[in-house]
Each structure stands twice: as C-alpha cells, then as structure tokens.
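The values are calculated or read from the model by the stated rules, or taken from the named source; none is laboratory data. What you see is a predicted model; the values in this text were computed from it and never measured. Quick reminder, even Gly has a Cβ in these numbers, built from the backbone with ideal geometry, and neighbours come from all protein chains shown. Note: accessible area is taken over every heavy atom of the protein model, side chains too, but ligands, DNA and RNA are not part of it. Shrake-Rupley method; radii C 1.70, N 1.55, O 1.52, S 1.80 Å.
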Amino acid sequence: MAQRETWATRTGFILAAVGSAVGLGNIWRFPFVTSEGGGAAFLLVYLLFIFLIGFPAILVEFVIGRRTKLNPVGALRELGSGVWKYVGYVFFVTAFVILSYYSVVAGWFVRYFIIGVTDGYDDAVGQYEGEAGDDTIPAELLFDSVATGLDSILFHTLFMLVTIGIVALGVRKGIELAVKVMVPSLIVLLVGLAIWAATLPGASDGYEYYLSPDFSEIAANWTTLLPAAAGQAFFTLSLGMGVMIVYASYVGEDRNLAKDGGIIIGFDTAIALLVGLIVFPILLTATPDPDGELLFASPIGAIFTAVADAMTEVPDVLGLLFFGVVAVAALSSAISILEFIVAYLMDEHGFERRPAALLAGGSVFALGVPVTYDLVFLELFDYFADSVLLVLGALLLVIFVGWVIPDAALDEVSKGVDDIGSAGAAWIWAVRIPLVVVLAITLALGIVDYVGFLTGDFADWISANL
Ligand code: PHE
Ligand code: NA
C-alpha cells in the first residue's frame, strides 16, 4: 500500500475518533440497555467495563493501526500469519450488521426532527391522548407509529442515501468540521435538558433508579449484565470491529495514544451519563411507580418517548435541535462504519470508491429493511452484533496484541510518551491475562444469552407470524 498521510491537524485524529464514537450508542442504546438492565445495577457494571476493559482495548486497536499503517485485514495479515488473516472477515460481517439497523434508528431521529418542524411535538403526542392505557403514555404510542412501517423505511432510505453519498464522494474535511460543531452543541443541549429534568416531580425517583445500585441485583443477574454491559461498552466506543485500527493508522508517532484514548473515552462516557440524567427523571415522571420499576412497554424507544414527552412542556425548538444534532452525530458514526467497509473493498479487492460505496451501502440498506417491519429484527441484529460479534472481535484483537506481538505493541504504545515507566508493561500484562479471561467468559455468556433469545422470543415471534 502507498504511503499514508497523517492527520492534517493535531486534533484531526481525536475529532474523527470522537465523531465515530459519539452517536446512537450514547443517546439511543445507552438508556435502552440501562433500563433493560435494571438501571443503576447495569450502570455500575458498564462503567467498570468502560474503564477496566474499554481503555486497554482501545489502546490495543490504536497500536495495531499505528504500527502497520494498514487497514485491519492488511494489518493482521502483515503482523500475524496463518489464521490471523481471516479475523478481518469477522469485522466485515459486524460492520454490515451494525450499520443495517443503525441506519433505521438514525432514520427515527430524522423523523422526530421533522415532526418538530411540521406538526410540533404537542400535536403529535396529543393525537394519542385518548388511546394511552395504564401502562403506556401517549408519547410511547407516537414512537410505535414512527418505529415501523412506511415512515421507518422511508427515513432508513434517506439516511442511507446520505451516508452513501458522503462516503462515495470521499469528503473527509467536512466530517472534522461537523464534529467540531456537533460535540459542543450536543453537550450544551444535554446539560440544558438535564437541568430542566432535575426540576421534574419524578427527578429523585429517576436518579434513584439510575444511580443507586442494588448489589444483590448485580449478584443475581451477572450472567446477563456482563454481556449486555460489554456489548454496550464496545458499541459506544466503536471497538471490536477495527474502526479504531483504521483511524490510528493515520496517527503520527508523536501522539500519546493513551492520552488520546482517555480523551475519546471521556467525551463518550460523559455524553452517555448526561443522557441518563435526562431520560430517567422524565420517564419516572411520566409513569411513576411505587416500586421504582420502569413502566414503559418498549425500552427501545426510551429516549424518543422521554424527549417527545418533555417537549409537550418546553419549547419545541429544544427537541428539534436535540433530534437534529443527534442525527448528525449518527451520520458521522454511520460514515465511519461504511467508510470502513469501503476501505476494505478498495484495499483488499481492488474496488473503486464509488462502486464500493454503492454496493456496500445498498446491501446494508437491504439488510436493514426487515427492521422497519418488526422490531424483533432489531433485537435479532443488535444482540448478535453487540453481545457476540463485538466481544468476539475485541477478544481476538486482545489475544493478538497480548500473545502474538507483545514486544511490538509495547514499543508502539511507548512512542510519544515522556516517561512510560512500568505502565506499558502493566498494560501488556492486563491484555495478556485478565482481559482475555474476562472477554472469553463474557463471550460465552453472550452466546448463551443470544441462543436463549433465538429459541425464546424470536422463535415465538416466528411461530406467531409465519
Ligand atoms: N460508537 C458508535 C455509537 O456510539 C457506533 C459504532 C459502533 C460506530 C461500531 C463504529 C463502529 O453510536
Ligand atoms: Na458512543
């Protein structure tokens, strides 16, 4: 492969990586899996995963990328041998599966943005006023109508077309600028909404649910909490798929990878935590329950339901900005995934950029269509990608760095660092043993969980619908 450029500006790498990391993982998926995992119990396991596993794991991808200056498939082929060259195919499958439903969910954000512009949230939610029952609120019914059917497929199409267009044209510069504007405005908006949510009657119940973990719940549910938290940690940090290998392949030797990794993780985690501070007070205000249980039918729609409900009390423009900014954040993440597939097709199979973008984007679009038909397909794809494929990808990379190229990795991580002391060796040790063990156990639990879903909920759906 020809010589690689490094990022034009010193912050280019961080901006691109933050643009990939910050997205639906923080804003849609985080509150959704947190409520499925019981709130604070999930949050604690998730935070442990982010800092104890996510941080060493992001460094694993960074050192592979900067060392080889190649795409993940090429990198593993060059550094490893034999079976390692096939690991790239796992990433390829993961990227396809994730982007397919990512685009559908991103389409919902675009749809909600449009609702704010045309009908206003008050009217849109109000039309379901009469239909809501004891355990549903009108805003939830609005979500149901957006999530599947004609609207859903329309906005999936739109979102995918824009993603394909940008990747086909290869416009890198625009993305750096978009991230520079998007991340600060997202943080300002989220802080504003969190302050407002703090004034709600359900705020203290919401905080309790979100922030005060019941340790007996963790002990009782660890076999499901572990794979769910790991899947969310890798998803939100764009790990386990090789995307961060690609970004790091453009990084100069003078950058301190550990420091940059810390900044990226810090932004991503702060944004997710803020989202929780908004969603749970709103939801526990809308559906208060004496036992502190969350009473909404579809956790998948938690963020949509919460924000649309909130917008009936605050000016629509806030909601409009929120959904709009998130759609942009989702776009920069989606681009990072499609760009990853396209780079692979170009580097490894001699494709031109435009046909590669069209072919890959078109197939991803088709794969996402069933999701717009029934949300059971969202679960089918999302659980498989996150609790199985991303964890598998991360495990393979960790084994690779820890056992196949530990010396090169130690050398690489030391570059750009003033005095690494024994930190580098500690990192290699953590990667070689604890990370491999934890990820192997998590993967096994994730597979068991997923098989449970296939033979349970999914089999039920099939027999009810076919
Ligand atoms: N990290 C992105 C998000 O939080 C999603 C993503 C996953 C992007 C994997 C690239 C690779 O939305
Ligand atoms: Na994220």
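Structure notes:
- Yes/no for Gly25 being under 30 Å from Leu284 (Cβ atoms) and either among the polar types (S, T, N, Q) or within 14 Å of ligand 1 (Cβ to nearest atom) (or both): yes
- Check on Ser422, touching a Pro at 6+ places or on another chain (Cβ under 7 Å) and either open to solvent by 20 Å² or more (accessible area, probe 1.4 Å) or over 27 Å from Arg67 (Cβ atoms) (or both): no
- Among the candidates Leu15, Leu70, the residue that is of a type in the set (A, V, I, L, M), within 16 Å of ligand 2 (Cβ to nearest atom) and surrounded by fewer than 24 Cβ atoms within 10 Å (Cβ to Cβ) is uniquely Leu15.
- The stretch 236-326 holds helices (runs of 4 or more DSSP H) entirely within its bounds, and those carrying 3 or more residues that are surrounded by fewer than 20 Cβ atoms within 10 Å (Cβ to Cβ), within 16 Å of the chain's Cα centre (by Cα) and within 16 Å of ligand 1 (Cβ to nearest atom) map to 257-286.
- Taken together, Gly319, Gly361 contain a single residue that is at pLDDT below 95 and more than 16 Å from ligand 2 (Cβ to nearest atom), which is Gly319.
- Out of Glu352, Glu348, Glu379, Glu412, sole residue that is within 26 Å of the chain's Cα centre (by Cα) and acidic (Asp, Glu): Glu379
- Long-range neighbours under 6 Å by Cβ, at least six apart or interchain, first residue of a type in the set (Asp, Glu) within the stretch 58-69, second part of a helix (DSSP H, G or I) and open to solvent by less than 10 Å² (accessible area, probe 1.4 Å): Glu61/Met244; Glu61/Ile245
- With respect to the conditions (1) open to solvent by less than 70 Å² (accessible area, probe 1.4 Å); (2) more than 25 Å from the chain's Cα centre (by Cα), Ala220 falls short on a single one, namely (1).
- Only one of the listed residues (Ser20, Ser100) is in contact (Cβ under 8 Å) with a residue 40 or more places away in the chain, away from ligand 1 (no atom under 12 Å from the Cβ), closer than 28 Å to Gly324 by Cβ and open to solvent by less than 40 Å² (accessible area, probe 1.4 Å). That residue is Ser100.
- Residue, farthest from the chain's Cα centre (by Cα), within the stretch 223-235, restricted to residues that are within 16 Å of ligand 1 (Cβ to nearest atom) and open to solvent by 10 Å² or more (accessible area, probe 1.4 Å): Ala228
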